[in-house]
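Working notes for the structure below.
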Amino acid sequence: MSNKQIKENKTFEVTKEFIDNLIILINEKRVGEINNILYRLHPSDAAEVLSNLPEKFRFDLLLLEKINFKPDTIIELNNALQKDILNNLSTDEVVSIVNELESDNALQIISNLNEEKKIEVYEKIPSKDKQLIEEVLNIYPEDSAARLMQVEYCSVYPNWTVGETIDYLRENEDLPKEFLQIFVVENDGKLIGSVPSSRVLRNPRNIKMNTIIDENSVLINGDMDKEEVGNLFEQYNLVSAAVVDRNKKLIGMITADDILTVVKEEAEEDTLKLAGVQDEEITDNALKITKKRFIWLLINLFTAVIASYVIGLFDGNIEKVVALAILMPIVASMGGNAATQTLAVTVRLLATKELIADNLFKVINKEFVVGFFNGLLFSTISALFVYFWFNDFKLSILIGISMIINMVFAGLSGIIIPILLNKYKIDPAVASSVFVTAVTDVIGFLSFLGLASFILGI
């Protein structure tokens with residue numbers, strides 16, 4: 001490979017210089033050059049450019065006449081920015097984008113339009129597409145498999161030969177551009193199974209499709225939650241899968257590229273939720289982000305007040321032994337960190353459906369043992385540290401016992417609280433961290449300061 005080729009294949013990077021040059025082109029309304037730049041880029045790179053443009057210049061760009069985006073560029077934008085851009089484009093521009101996309105992406109575009117723009121677009125898209133989109137939007141919930149699927153797929157009948165199938169694939173212009181599976185259906189549309197396209201190519205033309213069919217194909221119900229769909233793709237190493245309605249009639253297919261997006265979004269969402277943060281995008285302004293974070297910070301404030309109240313119950317002990325105030329954060333911090341570890345594992349187990357009734361008590365017991373062992377280890381380390389620091393054997397014993405108690409409770413709260421929240425249909429990823437923190441703080445302070453009265457004789 002030549003140096004020129006290596007340079008050309010280098011991963012695109014959005015730089016300040018690139019953005020500054022683009023802003024100059026926008027200000028000077030040099031549409032041709034802008035279109036040339038954006039069309040040269042991969043859709044995901046072009047989307048990154050739009051995301052990094054300051055808001056003012058981004059919308060100045062949208063207002064330019066004859067500005068063109070690759071339809072796939074819009075799809076690559078984050079949800080919030082996609083909504084802003086779509087609702088600032090003309091109806092004809094949106095219709096043009098919808099008509100060039102496969103049905104799953106077209107559905108995403110339609111879903112992100114405001115009601116007024118949605119009605120206008122509906123009036124101008126082909127009646128066939130309109131009917132399909134309306135059926136999905138009206139029947140299936142937002143986070144369902146049907147909202148991910150594309151209705152373009154390849155299906156044949158079981159009595160067809162390989163030769164007939166190949167001829168059909170070559171001659172039918174309505175088939176999707178790319179597909180890895182050919183679905184075999186009955187006359188009423190019910191799915192029988194699927195055949196990998198490679199298997200079709202490698203068999204003689206006279207072989208019947210029903211003889212090479214894979215009858216153990218994984219079926220996905222249209223109303224299945226998208227997170228569960230992601231788990232199925234991971235569990236069975238799928239590259240594509242059929243989507244069926246309640247009567248097992250084939251209605252679409254989902255491909256791995258769609259699932260990769262889902263898995264990424266769900267992972268990011270759970271990570272943010274554990275910190276009480278959700279639905280934030282880099283393009284959100286400060287006021288919007290403040291509103292989103294306020295509620296969980298408010299709840300955290302109340303739990304912190306409870307922990308402070310517990311400390312206040314022992315203010316006399318703290319006044320007599322100043323070392324207690326110095327050492328309290330150690331106990332609380334270790335408990336909080338231990339609980340966070342358990343919490344992260346538990347939320348993942350719940351999300352992947354690995355934590356079930358059959359193994360529930362086994363997992364809880366394991367976390368109890370882990371908490372106890374960690375408590376023993378860190379109580380020993382902490383006790384030695386405190387002894388050499390304060391030269392007080394009783395204080396060492398105090399922090400050692402408190403550490404064991406808090407680490408055990410931390411492990412148990414990190415698994416029991418998200419399980420209870422999940423049982424009562426409350427998202428454990430959102431609500432767990434606040435309550436777990438409150439439990440570990442209260443137990444940590446109660447055990448440490450409560451035991452101080454007995455061990456230190458105060």
Of the residues in the range 135-181, those that are among the aromatic types (F, W, Y) and either touching a helix residue (DSSP H, G or I) at 6+ places or on another chain (Cβ under 6 Å) or part of a helix (DSSP H, G or I) (or both) number 3
Is it the case that A323 is of a type outside the set (V, I, T), touching an Asp or Glu at 6+ places or on another chain (Cβ under 6 Å) and in a helix (DSSP H, G or I)? no
Checked the range 332-372 for anything at pLDDT 90 or above, surrounded by fewer than 16 Cβ atoms within 10 Å (Cβ to Cβ) and β-branched (V, I, T); matches are V369
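Could you tell me whether any residue of the range 169-178 is assigned by TED's automatic domain parsing to the domain that holds E215, of a type in the set (S, T, N, Q) and surrounded by fewer than 18 Cβ atoms within 10 Å (Cβ to Cβ)? Step through it out loud before you land on a result.
If we filter the range 169-178 for residues that are assigned by TED's automatic domain parsing to the domain that holds E215, which is where we start, we get 169-178.
Going one step further and asking which of them are of a type in the set (S, T, N, Q), we end up with 172.
Going one step further and asking which of them are surrounded by fewer than 18 Cβ atoms within 10 Å (Cβ to Cβ), we end up with 172.
So far as the range 169-178 goes, yes, one or more of its residues are assigned by TED's automatic domain parsing to the domain that holds E215, of a type in the set (S, T, N, Q) and surrounded by fewer than 18 Cβ atoms within 10 Å (Cβ to Cβ).
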Within the range 23-37, residues being under 19 Å from T73 (Cβ atoms) and touching a residue at least 24 places away in the same chain (Cβ under 8 Å) number 5
Quiz item: Out of curiosity, is V184 over 19 Å from K249 (Cβ atoms), touching a helix residue (DSSP H, G or I) at 6+ places or on another chain (Cβ under 8 Å) and touching a residue at least 24 places away in the same chain (Cβ under 8 Å)?
Solution: no
Among residues of the range 189-227 being of a type in the set (G, A, S) and more than 27 Å from I139 (Cα to Cα), the residue surrounded by the most Cβ atoms within 10 Å (Cβ to Cβ) is S197
Within the range 82-125, restricting to residues that are at pLDDT below 85, surrounded by fewer than 18 Cβ atoms within 10 Å (Cβ to Cβ) and among the small types (G, A, S), the one that is farthest from L63 (Cα to Cα) is S111
D104 vs (1) in contact (Cβ under 8 Å) with a residue 60 or more places away in the chain; (2) part of a loop (DSSP other than H, G, I, E, B); (3) closer than 23 Å to V239 by Cα: all pass except (2)
Would a scan of the range 314-332 turn up a residue that is closer than 19 Å to I404 by Cα and within 33 Å of the chain's Cα centre (by Cα)?
yes
Condition check for N406: farther than 20 Å from R348 by Cβ and not aliphatic (A, V, I, L, M):
yes
Inside the range 202-261, the number of residues satisfying the requirement of being acidic (D, E) and in contact with a Pro (Cβ under 6 Å, 6 or more places away or on another chain) is 0
Quick count over the range 230-258, residues being within 17 Å of the chain's Cα centre (by Cα) and assigned to a loop (DSSP other than H, G, I, E, B), is 0
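The values are calculated or read from the model by the stated rules, or taken from the named source; none is laboratory data. Worth saying up front: this structure is predicted, and the values here are computed from it rather than measured. Virtual Cβ from ideal backbone geometry, glycine too; neighbours counted across all protein chains shown.
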